[in-house]
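Structure record follows, encoded as C-alpha cells.
Where a number appears in this text, it was derived from the coordinates with a stated rule and is not lab data. Since the model is a prediction, treat every value here as computed from it, not as a measurement.
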Amino acid sequence: MSELKQEGRKKKNNDFFSDVYDVVRLIPKGRATSYGAIAAYLGSKRGARMVGWAMGNSYTQEGIPAHRVVNKEGLLTAKLLFETPTAMQEKLESEGIVVKDDYIQNWKECFWDPEKELK
C-alpha cells in the first residue's frame with residue numbers, strides 16, 4: 001500500500017489509480033464517500049471523473065470496497081459495474097446503509113470525507 005501522506009503532506013504519486021484504491025481501502029464499513037471527495041484528497045479537486053475511471057477498473061479486484069464510492073449526491077451511479085445490478089446496494093445495506101431508489105438515504109450521516117478523516 002503506497003503511503004498517502006508523507007511528512008504531513010499528501011504524497012504525489014505517478015500511479016493515481018493506486019492512490020485512489022489506497023483511499024478506498026480506508027473507508028470504514030457503514031460509511032461511503034464520493035468520487036470528488038477522493039479526488040480532492042489526492043490534490044485533484046476537479047478529478048472526480050478520473051477517480052471514476054480508476055473505480056471502473058476496480059470492481060473485479062479483491063480487497064477494494066468499491067461499493068462505498070458513489071456520486072456527490074449519494075447516488076449509486078456504478079451499480080451496473082457490479083456482478084449483479086443489485087449487488088452494490090446489497091453490500092451497502094449489509095453494512096447498515098439505507099438505500100432507496102439507488103440513493104443513500106442517510107447520505108450526510110454516512111458520508112466519509114477523507115480530507116477530514118485522514119488528517
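The table below lists the values:
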item	result
Segment 24-68, relative contact order [Cα under 8 Å, separation at least 6], %	43 percent
Net lengthening on full extension, TYR59/THR84 (0.36 nm per residue, minus Cα-Cα)	7.9 nm
Helix-only mean residue ellipticity at 222 nm for the chain, each DSSP H run of n ≥ 4 adding -39500 (n - 2.57), per residue, nearest 500	-9000 deg cm²/dmol
Largest to smallest principal axis extent of the C-alpha atoms in segment 13-110, angstrom	37, 27, 20
